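A short worksheet on the structure shown next.
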Amino acid sequence: MSSLLQGWKRTEVRRGITWSVQPISAARAQKDYVCPGCGGTIDSGVAHVVAWRADGLLGDAADLAARRHWHLHCWKIQ
C-alpha cells in the first residue's frame, strides 16, 4: 500500500545516464530539500521526485546514498 501512496518507482534514461526515480506525494513530503536543478527549496508538503543513479560504478548502496530530491518541473527539463 505504501508504494501506491507514494507512486511507482521507475527507471528513466537522461543524457545517457540511467536513473531510478521515485515520486513523492505531497502527503509524504515531510521535510524541506534543496533541488539540484534550480537550487531552490522544495518545501514540506510539496510533491516532488527523488532520483538516484541506477548504473553507478560504486554499487547500489552508494547510488542510493547519493539520491537527490527534485521539483517535478526541474526533473522534467533537466
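Grab the DSSP H runs of the chain that are 4 residues or longer, score each as -39,500 (n - 2.57), total them, divide by all residues and round the 222 nm result to the nearest 500 deg cm²/dmol. Mind dumping the intermediate values first?
Numbers: 3 runs with 17 residues, N = 78.
Value at 222 nm, helices only: -4500 deg cm²/dmol.
Between (1) 14, 25, 19, 17, 16, 10, 0; (2) 20, 54, 25, 1; (3) 20, 51, 28, 1, which entry matches P(r) over Cα pairs in 10 Å bins from 0, in percent as derived from the coordinates of this structure?
After the calculation, the listed value that fits is (3).
FYI, it's all coordinate maths here, none of it is from the lab. These numbers come from a predicted model, not from an experiment.
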